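The next block holds one structure in the form of structure tokens; read it before the comments.
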Amino acid sequence: MDPLTWLLIPLATIFMASIWGVVAGRPRRAHDVTDVERYDRFRSTLARMTS
């Protein structure tokens, strides 16, 4: 049973590394500019509501 346990360690590491690679390589949103514009509109709306 001990050799199988030692074999399981590298296999588990490979499995976890492949999952990390899939998660790290997924496409991300590139809408930073529109998000900033939305935030600015939100702030200006709140400023108008409080004054």
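For the reader, a short list of remarks on this structure follows.
- Test: residue in region 8-27 that is open to solvent by less than 100 Å² (accessible area, probe 1.4 Å) and assigned to a loop (DSSP other than H, G, I, E, B): yes
- Residue, modelled with the lowest pLDDT, within region 28-51, restricted to residues that are of a type in the set (A, V, I, L, M) and in a helix (DSSP H, G or I): Val33
The values are calculated or read from the model by the stated rules, or taken from the named source; none is laboratory data. Because the structure is predicted, anything quoted here is derived from the model rather than measured. We work out accessible area using only protein heavy atoms, side chains counted, and drop any ligands, DNA or RNA first. Shrake-Rupley method; radii C 1.70, N 1.55, O 1.52, S 1.80 Å.
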